[in-house]
Amino acid sequence: MKTGARHLESLRDGREVFLLGRRAGDVTVHPAFRNSAASAAHLYDFQCAAANVEKMTFPLPDTGGRVNRCWQLPRNYRELVLRREALTAWAETHFGFLGRSPDHVASCISGMFMGIGEFETYNARRAGALRDYYRWARDNDLFLTYVIINPMADRGRGLNEQPDPFLVLREVERDAQGLIVRGAKMLATGSIMANEVFVTCIQPLQSGEEPYALSFAVPMNAPGLKVLSRKSYELSAGSPFDNPLSSRFDENDAVLYFEDVRVPWERVFIDGDAGMCRRQFHATPAHVFQNYQCQIRLAVKMRFLAGIGRKIAEANGSSAFPQVRETLGRLAADAAMVEGLLLAMEVKGGMHGDYFVPDRHLLYTAQVLTQQLYPRVIASLRGLAGGSLIMLPSGVEDLESAETAQYVLKAQGSTSMSPLERVRFFKLAWDAIGSEAEPVWRPPRRSGDLPH
């Protein structure tokens, strides 16, 4: 089974990650990425713990080795439930804040494999490539990311009408060995700590855009692949005390630019077919299976947020207020609704060929309702907290200073927790429901680097 140490070692592969105008180097030690990489590694250590092996992994049919259940292809309702219980346990290690943990894209590739018949109808060789890749990724328990969205540009023009024909990733040329591609894709969430990237297009393509209609996978250290990270929340976190979530679970979305990257034919699943780009998601269980994973994670996160709401009320001594009880009841109901829809899509699930998959109508119902639900939950938590999120000390340094600590703690009274516990808790609450710009570190910059 894959361990955390093995995963961290796999990230030291020479990948080209850029942040603040410089190459990041080893992402497992860089201050912008190391904690998130460690959190990813912890997922693999969690599955290897003796008490978790049976729950988190399943035996491979041909070798007898064990890999994470995110690669399992359920053949009945019971196996789907076992898989969900494993994904739930993984999500509980990060409280639902790693939206693109390894089980997300694994679910997508697994769903594509369940619909391998669509690929066989399209092209037998490309189907063979997908079949082999699923088995390779599964047997090596790979952490995959994906880029399936095109860069935000002039949306009033087609892809082949942009001023730069290689703004969006497309084919440059081909030969007997494979394709050469150039251009950008996004959002590559989790790419910093992933092993490989699945590249395709989920947005509808038009006639004449066939060079953009590709589907393939390459390692994150493929020659010519540039990873352009957004601002690092982990780097801006200051300390785990001040930002216990963002200091550990920042997924570092990134734009990927492919500078004439070679893709061997054995990694190409779709080659210039716009219709098949759509069908790989919607004629197979891929889109359902990957978003089913999202609902599993959201159910965990909703329980966590409802717990934060309850503890906010206890810390502020407002639990008995009628309006607060009403808010807490609504938060509990919201969490139960997400869980109820999740369980219902399993019960109402059905067979897709040899495999049992969740009901797509209830899945999409859950997606629509929860996109409306989540902002309301965050607003409710902010309302419960009131000024408690503002009256926090500026940083852990205020508590380490003898001059300020006594005054900071005197201002943090609560009947249910000590002043230090109250500060620690509301730092967590703010990190879960708020955001702020707090640059902590910058590399030295030479004068004249930027225009005035």
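Where a number appears in this text, it was derived from the coordinates with a stated rule and is not lab data. Bear in mind that the values here come from a model prediction, so they are computed numbers and not experimental data. So basically every Cβ, Gly included, is an ideal-geometry build from the backbone, and we count neighbours across all protein chains shown.
Principal-axis analysis of the Cα atoms of the chain puts helix 419-433 at an angle of about 30° to the longest axis. A simple charge model with +1 on the Cβ of Lys and Arg, -1 on the Cβ of Asp and Glu and nothing else charged puts the dipole of segment 4-282 at about 320 debye relative to its Cα centre. The alpha-carbon of Lys427 sits under 30 angstrom from the alpha-carbons of these lysines, leaving out residues fewer than 8 places away in its chain: Lys231, Lys301, Lys311, Lys410. Its residue count N fixes a reference of 2.2 N^0.38 Å for segment 256-395, and the Cα radius of gyration divided by that reference is 1.49. Annotation: amide H of Cys201 within the under-5 Å range of Leu214, sequence separation 5 or more or interchain, hydrogens built in the peptide plane. Just want to confirm a number: the relative contact order over the chain, from Cα pairs under 8 angstrom separated by 6+ residues, in percent. Once normalised by length, the contact order is 18 percent. Along the Cα-to-C-beta direction of Ile116, a point sits 7 Å from the Cα; which residues of segment 130-157 have their amide N less than 19 Å from that point? It comes to 130-142, nothing else.
Ranking Leu214, His282, Leu256 by Cα position along the charge dipole of segment 205-286, where only Lys, Arg, Asp and Glu carry charges on their C-beta atoms, puts His282 farthest toward the positive end. Considering only alpha-carbon pairs that sit under 8 angstrom and 6 or more positions apart, the relative contact order computed for segment 286-433 is 26 percent.
A straight Cα-to-Cα reach below 24 Å connects Lys2 with the lysines Lys55, residues fewer than 8 places away in its own chain not being considered. Each residue of segment 309-319 was assigned a 3J(HN,Hα) from its phi angle through the Karplus curve 6.51 cos²θ - 1.76 cosθ + 1.60 (θ = phi - 60°); the sequence is x, 4, 6, 4, 5, 5, 5, 8, x, 10, 4 Hz, with glycine and proline shown as x. Farthest toward the positive end of the dipole of the chain, out of Thr365, Leu409, Leu187, is the Cα of Leu409, where the dipole comes from beta carbon charges about the Cα centre.
The stretch between Arg155 and Ala402, if pulled fully straight at 0.36 nm per residue, gains 83.3 nm over its current Cα-Cα span.
Computed from Cα atoms, the angle from the helix 34-48 axis to the main principal axis of the chain rounds to 80 degrees. 3J(HN,Hα) along segment 194-202, derived from phi through the Karplus expression 6.51 cos²θ - 1.76 cosθ + 1.60 where θ = phi - 60°, amounts to 9, 8, 9, 10, 8, 10, 6, 9, 8 Hz, with x in place of Gly and Pro.
Computed from backbone phi, the HN-Hα couplings of segment 109-126 come to 5, 4, x, 4, 5, 4, x, 4, x, 4, 6, 4, 5, 6, 6, 4, 5, 5 Hz, rounded to whole numbers (Karplus: 6.51 cos²θ - 1.76 cosθ + 1.60, θ = phi - 60°; Gly and Pro given as x). Near Val168, the amide H atoms lying under 5 Å from its own belong to Ala184; only residues 5 or more places off or on other chains count, and H is placed 1.01 Å from N.
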